[in-house]
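Beneath this line is the structure, given in structure tokens, with notes to follow.
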Amino acid sequence: MDDFDLDRYLRASKKVDLTGVSWEAIRDHPLPVAEARCLAYMMDIESHTVIFLRDLLATRAAFDPEVTAFLSCWVYEELWHGEAFSRFLGEAGYHLAPDGERVWGDAPYPTRNARNTWIRRRVGAKGYMSHVATLAAAAVFKDFVALHMTWGALNELTTLTGYHRLIAKTRHPVLVELLQRIIKDERRHFAFYRSQARMRLARSRQARSVTRWAVEHLWAPVGTGVRPQEETDFVIAWLFGDHDGRAAAEEIDLTMAELPGFAATRVARDALSETLRRMEAGRRIPGWYADRPWNGQRSSWRPAPPPSRPRSWPPRERPSSTTEDRAMAPSSARSPKA
């Protein structure tokens, strides 16, 4: 891995630095519903990383000390990304299903326990089937680690690009600062996966052919299956559906095309086109990205009564819920300071 210093990464690995983040200033700037939905999705996927790690460590990837050393730090850093997004959404006044837990900048760790449990249980049989499929692929394909490293590189690259797209679209200065801090970690994650994929694909023709077929026929944008399809579609289309977003998707493909065996790939552009086709079929565009209350098949984004946000622990008793009818509800619509 000539282009990635694993030793340096391991020694420098730590949770994302949130020192100096102006949590109290978050509500001084409006956070549109569309941006909040993207952040909630990103938070859920970052917090779900440990489940992906569970699946991977059941394969032959666990035999590689370099891979497992990296993954040990990777999953730790991803956990803190999820916590950072959780706190931002809480300070912005958004409540999330199933219990509307109130989260603020200095809330005790970890947050969103009920939500994380709820999401993982709702994945249900799909999660077990995915786990079994991973085990089967690892047993049949001797270069499975090459496949997973390429898959991981694509996931990290799309995540990294998605954060850049959100920076380009938001007007919230604290969100920009937070994303810029997280991006530093995501760049290193992508660099590791890319270097591993390049090395493993270069030494095996079979690895190149099988990996490309699997990525182009089986890969779906990160988070697909973890959250409802309409939420995945919303995030992808809102971030990548305009002219600049399409250019970003093309750049993802050009970067992946630098890997051995991936010349002229269109995987990101094809995924975006498929997303937009689904949204057109569902009559959710044009105007689907507007910053207004939205009702989908499984979730509702409508304002909740303004609560008094707690500043002490424990918070007041939370209502119970078993539905996703309040997946995102802003508790207030406070205007910026004059």
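The values are calculated or read from the model by the stated rules, or taken from the named source; none is laboratory data. Bear in mind the structure is a predicted one, so any value in this text is a computation, not a measurement. Cβ: placed from backbone, ideal geometry, glycine included. Neighbour counts: every protein chain shown.
Please indicate, with yes or no, whether at least one residue in the range 226-233 is buried (at least 22 other Cβ atoms within 10 Å of the Cβ) and within 17 Å of Phe190 (Cβ to Cβ). No, the conditions are met nowhere in the range 226-233.
So is Leu56 crowded, with 18+ Cβ neighbours inside 10 Å and at pLDDT below 95 or not?
yes
Residue by residue, here is whether (1) surrounded by fewer than 18 Cβ atoms within 10 Å (Cβ to Cβ); (2) in contact with a His (Cβ under 9 Å, 6 or more places away or on another chain) holds:
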| position | (1), (2) |
| --- | --- |
| Thr117 | yes, no |
| His131 | yes, no |
| Thr134 | no, yes |
| Val145 | no, no |
| Thr150 | no, no |
| Thr158 | no, no |
| Leu166 | no, no |
| Pro173 | yes, yes |
| Leu179 | no, yes |
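Taking residues in the range 229-243 that are of a type in the set (D, E, K, R), and partners anywhere that are in a helix (DSSP H, G or I), the pairs with Cβ atoms closer than 6 Å and at least 6 places apart or on different chains are Glu231/Tyr41; Asp233/Thr275; Asp233/Arg278; Asp233/Met279.
Return yes or no: is Glu78 under 21 Å from Ile236 (Cβ atoms) and acidic (Asp, Glu)?
Criteria met by Glu78.
Restricting attention to the range 108-126, report how many residues are touching a helix residue (DSSP H, G or I) at 6+ places or on another chain (Cβ under 7 Å) and in a helix (DSSP H, G or I). The number of residues fulfilling the criteria is 3. Of note, Ala191 does not satisfy the criterion of being under 23 Å from Ser22 (Cβ atoms), hydrophobic (A, V, I, L, M, F, W, C) and modelled with pLDDT of 95 or more. Considering the range 234-270, and only residues there that are charged (D, E, K, R) and closer than 29 Å to Arg208 by Cβ, the residue that is surrounded by the most Cβ atoms within 10 Å (Cβ to Cβ) turns out to be Asp253. Every condition in (1) in contact with a Pro (Cβ under 9 Å, 6 or more places away or on another chain); (2) surrounded by fewer than 16 Cβ atoms within 10 Å (Cβ to Cβ) holds for Lys14 except the one numbered (1).
Residues that are β-branched (Val, Ile, Thr) and modelled with pLDDT of 95 or more do occur in the range 73-87, at least one of them.
If you go through the range 71-97 one residue at a time, how many are more than 20 Å from Thr134 (Cα to Cα), in a helix (DSSP H, G or I) and of a type in the set (A, V, I, L, M, F, W, C)? The number of residues fulfilling the criteria is 7. Counting the residues of the range 4-49 that are over 18 Å from Glu186 (Cβ atoms), among the basic types (Lys, Arg) and not in a helix (DSSP H, G or I) gives 0.
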